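**Q** Mind having a look at this structure? Questions to follow.
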Amino acid sequence: MRSRWMQLVAVLFVFVFAAISLIQQIALPDFNGFTRQTASFLNLLLFLLPLFILTIGSMGVASDLESGWFSLLKTYPMTITQYIFGKYIALILSFMLILCLAFAVVLGMSGISGQVHLPLLFVGLSIMTVLLFSSIAILCGSFAKNRLHALALSLVVWAVSLLLLSYALMAIGTVVAGHVLQKLTIIMLHINPAEWVRFGYFLFSDQTSVLGPSFYSFTEFYSSTVGYVLYAVVTILWIVIPLVFAKWVLMKRGRQA
Amino acid sequence: MKRVLLLVILFIAFMLSVPQAHAKTKTLQQLIDETPENGTLQLSNVLYKENVVIHKNITIKGTEHTVLESLNQKPVIQIENAEHVSINNVTLQNSYLGITGEKSQHLHFENLHFKNMRSGIQLYNTNNVTLKHLKITGIQGHYSNKGNGIALYNSANVKVQGNNIQHVQDGVYIESVNHISLSENKIDNGRYGIHFMYTKNAQATGNTFKKNVTGIMLMMSQNVKMYDNHLYDQNGLNASGMTLFQSKYIKVFANIFQNNRTAISAQNLTNSTMKNNVLLMNQSAIELIRSNEKNQVKRNNFIGNIVNLRSDGTGSQIVQNYYDDYAGIDVNNDGIGDRNYVALQSFGQWMVRQPAYQYFIESPSVVLLNEIDRQTNIIEKEQLVDQEPLMQSTMTIERKNTWNFWKLVLGVGLVFTILWFWRKEIQG
């Protein structure tokens, strides 16, 4: 939180979040459903939050490794698991504070105009995005040799999960049959945290029909109780696996050093 | 003894207050048969459980609690070869089929209430029909197990006005009907609100369609006008406000399409016009498939839609529409933008050709792709191009400006608390 970068990120995120809320909701009537407003909110969430979390989170870990702070910490009675968990919690709390600030500004604005409001689902999805990407950010940081490397690595992860995987799939879709594209898309959304969060929006807002008839059976399954449980399990795995992997990487690096 | 007497009096009073308890000396069929030709039959608060057949000119008037029920799958009222039949103020309930009419003329049904019916009214080979202020509520379950609210076959000169129809398969099913007018009807939670098949010279005005699979389904029809209708929340799988299929001389004027999966899906349409409509916050506003140059999309307002126009590459005239995402300017101030509006989006075209692409709709990657398209498609001259985009919408969105003191206080309080905490953390 003392980092200048973190403070700039907070200002930028709050400004963009509040501006989009205000502009979209004043321009269009309030209506339930998947509209351009909700799509803008969702995309803002998916574009900005992962970018900030990945870069700041990974550089935080890389900085510890690069500066020797991590080696110093190892001399204290603290395990690598405790270090990773501490980093993860700190990152989550920092971004929760930024989110709270953005939500508070939107709440204040809704008091003035009456038009602006924040759907509760977006609050939940924002928290989920922070939980998922903080874990991946720690992993990126543990891989990196230095801060610049961490920055590059997190940008690659961000671009792949937000853009490149989708473009690759769209390109494949031009040469394969529809049912193959459908199956590949289902695989992709499980292995891509950004798509997982996006799918979560459709699932929990009861808007799965937006995804089209090709995904009817798939969305029907996830709309059931078993589907919700599976969604929770996959989400937890997306948090736990990168952290466990980060621990393994740091242990390996510790042995090599 | 007094208590027993009191109980007997209460029992008699209760029995008298229940309409079913009215002593029926004659069946409804006997009453109809006894009514003279062109006569009026006045019914009181009675429940009739039977099927009746009408062959004569008659007016039947019920009261608030005149209730008719069928004991089998035959229609409650069957009209055959009659010249003038009028039925008013009757409730038909818990039956398979309400009223059928065949080879009859001058049928007038008004203020009828159909409750928990599989089908409401079916008319075959009828002429000069008026269906007014009917309330039809279907049975629960899937559409495939339900009948239509009103079904009209091979008929002419029909007026369907001010009806409220819900939970049926098709609100109004129209097949091979000439000259039909549908106005001020409210149809919701069905498969199709109005389903036109092989219809000529029809008009639908001032109707409201909500939460159907498709508001208006028009197939193989000609010379149909649809204006001032409000179609909203048709947003299930494969849903649309209107689907216009293989028809010609269709006019879609001044309708409001709001929050539909696809507002208008025009497939194989010719010589048709979509004009002065408001297309507001739909997933796809207008979809043109196998269209031709004689179709016009003119002076419509495209506001807040995710995809404004999409096509399979076939052409249509797209002129003088307002698009809220138009980025051009109007230097000569004539109300028309100085450069073309190109609605062509790679993703929109892919979605038409391969439905599985719909998964990516308005995803971050597609938003970026659309921005790139917007820059590269400026040179497009043919497909989905409006050469005279309007600068101003003809529509205004009403807003209520209500301010909430406590929300403002809470919001500002939270902002200052968070900033104070942050500052304390930095200083610490």
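Only the coordinates and a few stated rules stand behind these numbers; no lab work does. This structure is a prediction, so every number in the text was calculated from the model and none was measured. Neighbour counts are summed over all protein chains in view; Cβ atoms, including those assigned to glycine, are modelled from backbone coordinates with ideal geometry.
**Q** Looking only at other chains, what is the average number of their beta-carbon atoms within 10 angstrom of each beta-carbon in B:413-420?
**A** Averaged over the peptide's residues, the number is 5.
**Q** Under the definition of Cα pairs under 8 Å and six or more residues apart, what whole-number percent is the relative contact order of chain A?
**A** 27
**Q** Please list, in order along the range B:41-55, the HN-Hα scalar couplings obtained from phi with the Karplus expression 6.51 cos²θ - 1.76 cosθ + 1.60 (θ = phi - 60°), rounded to whole Hz, x for Gly and Pro.
**A** 10, 9, 9, 9, 6, 10, 9, 9, 10, 6, 10, 10, 10, 10, 10
**Q** Separate question: What pairs from B:103/B:146; B:61/B:200; B:211/B:248; A:87/A:252; B:49/B:200; B:61/B:211 go past 30 Å between their alpha carbons?
**A** Checking Cα-Cα distances, B:61/B:200; B:49/B:200; B:61/B:211 exceed 30 Å.
**Q** On to the next question. Angle between the Cα long axis of helix B:2-17 and the longest principal axis of chain B, 0 to 90 degrees, nearest 10?
**A** 60
**Q** Tell me, what ³J(HN,Hα) does each residue in the range A:84-92 have, in order and in whole Hz, if you take phi through Karplus 6.51 cos²θ - 1.76 cosθ + 1.60 with θ = phi - 60° and put x for Gly and Pro?
**A** Those phi angles translate into 5, 4, x, 4, 5, 5, 4, 5, 4 Hz.
**Q** Let me ask you something else. Around residue B:284, which amide H atoms from residues at least 5 apart in sequence, or from another chain, sit under 5 Å from its own amide H, with H modelled in the peptide plane?
**A** B:262, B:263, B:307
**Q** Something else now. May I ask for the distance between the Cα centers of the range B:111-165 and the range B:39-77, given as a whole number of Å?
**A** 17
**Q** Report the convex hull volume per residue for chain B, counting only C-alpha atoms, in Å³.
**A** Convex hull volume per residue, Cα atoms: 244 Å³.
**Q** Something else now. What average number of partner chain Cβ atoms lie no more than 10 Å from the Cβ of the residues making up B:343-356?
**A** 3
**Q** Over the range A:4-256, with a single point scatterer placed on each C-alpha, what log10 of the ratio I(q)/I(0) does the Debye formula yield at q = 0.08 1/Å?
**A** -0.36
**Q** While we're on this one: Just want to confirm a number: the relative contact order over the range B:129-196, from Cα pairs under 8 angstrom separated by 6+ residues, in percent.
**A** This gives 34 percent for the range B:129-196.
**Q** Give the calculated FRET efficiency between residue B:388 and residue A:23 to the nearest 0.05, with a Förster radius of 35 Å applied to their Cβ-Cβ distance.
**A** 0.80
**Q** Moving on to the next point. Order B:76-89, B:148-161 from most to least packed using the mean count of other Cβ atoms within 10 Å.
**A** Ranking, from highest mean packing down: B:148-161, B:76-89.
**Q** Expressed in nm to one decimal, what extension gain is obtained for the pair residue B:378 and residue B:42 from 0.36 nm per residue of sequence separation less their Cα-Cα distance?
**A** 113.8 nm
**Q** Here's a follow-up. Taking the simple approach of a point 7 Å from Cα along Cα-to-Cβ for both residue A:145 and residue B:317, what is their distance in nm?
**A** With each label point 7 Å from Cα toward Cβ, the separation is 6.7 nm.
**Q** Which of A:86, B:270, B:128 sits farthest toward the positive end of the charge dipole of the protein assembly as shown, with +1 on the Cβ of Lys and Arg and -1 on the Cβ of Asp and Glu?
**A** So the residue we want is A:86.
**Q** Follow-up. In nm, to one decimal, how far is the modelled label at residue B:25 from the one at residue A:127, with both set 7 Å along Cα→Cβ?
**A** 7.4
**Q** Within a 10 angstrom radius of each residue's Cβ in A:166-172, how many Cβ atoms of other chains show up on average? Whole number is fine.
**A** 4
**Q** So, in nm, how far is label residue B:412 from label residue A:216 when the simple model puts each one 7 Å beyond its Cα toward the Cβ?
**A** So the two model labels end up 5.4 nm from each other.
**Q** For residue B:63 and residue B:334 in one chain, what is 0.36 nm times their gap in residues minus the Cα-Cα distance, to one decimal in nm?
**A** 91.4 nm
**Q** Hey, what did chain B get for relative contact order, percent, Cα under 8 Å, at least 6 apart?
**A** It comes to 6 percent, rounded to a whole number.
**Q** Right, here's the next one. What full-extension length gain, to one decimal in nm, is calculated for residue B:154 and residue B:292 as 0.36 nm per residue of separation minus the Cα-Cα distance?
**A** 46.7 nm
**Q** Could you compute the FRET efficiency for residue B:324 and residue A:251, with r as their C-beta to C-beta distance and R0 at 45 Å, rounded to 0.05?
**A** The formula returns an efficiency of 0.25 here.
**Q** Right, something else. Applying 1/(1 + (r/R0)^6) with R0 = 35 Å to the Cβ-Cβ distance of residue B:106 and residue B:139, what FRET efficiency is obtained, to the nearest 0.05?
**A** With a Förster radius of 35 Å, E is 0.70.
**Q** Still on this structure, I have one more. With a 10 Å radius around each residue's Cβ, average the other Cβ atoms per peptide and rank B:135-147, A:122-134, highest first.
**A** Final packing ranking: A:122-134, B:135-147.
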